[in-house]
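Take a look at the structure below.
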Amino acid sequence: EKHESEEDETRSQLAEIRKLSSLNGSGDDKALMVPHVKIAWSVLYIQMKLCQKTLRHFLDERNNYANFQTYYTEQNLIAENENVVALNIFAQICNGLEYIHNKSIVHHDLKPSNVFITFDYDVPVFQLGDFGLSCPLEESKVTKHDGFGTRLYAAKEQIEGKICTKKSDIYSLGIIFIE
């Protein structure tokens, strides 16, 4: 009896996989589409972490100081000069972006308010977050979608609703670097 219920469960699982496969392959599943991601095959992982501020808050606070070095020192960002501090912050953001790109993920909404800051032993650590618009990198497949992302930071092809690649995120990264 136990053996039969396991077989029934296996059949049920196979039926569910077939159902998902048919959804994934049909042209009628437009309602299930998030910009070129089929929900039937999406897996959502959420990791929560308390972040004290975002890069947007950090930059706004810093800009209220006449001397950036004073603010950096108060934030335990010690370096020979303010340019080295900015490059260290930028390097952390680049490391995060490189990591997700190596996992074939495009962020699509890289901006200072999506870079979160935590303090490990009172030293700020800058991390990428808010992957609500991110999607798998599909460079070989041109998929039309509506333009999305924050206009100020979005690349031209992203605003125009064309295919986005890692280069779209690099454009956003450049705007952050200028700030």
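Couple of notes before you dig in:
- Using a Förster distance of 30 Å, the FRET efficiency for ALA79-LYS162 (Cβ separation, nearest 0.05): 0.15
- Environment charge of LEU128, counting only residues whose C-beta is closer than 13 Å and scoring Lys/Arg +1, Asp/Glu -1: -1
- Residue-by-residue Karplus 3J(HN,Hα) for segment 88-101, coefficients 6.51, -1.76, 1.60, Hz, glycine and proline x: 5, 5, 4, 4, 5, 5, 4, 4, x, 5, 4, 4, 5, 5
- Projected over every direction and averaged, the convex hull enclosing the alpha-carbon atoms of segment 66-129 yields 4.9 nm².
Taken together, the values in this text are just the output of simple stated rules run on the coordinates, not laboratory data. Computed from a predicted structure; not experimentally measured. Backbone-built Cβ (ideal geometry, glycine too); neighbour counts: all protein chains shown.
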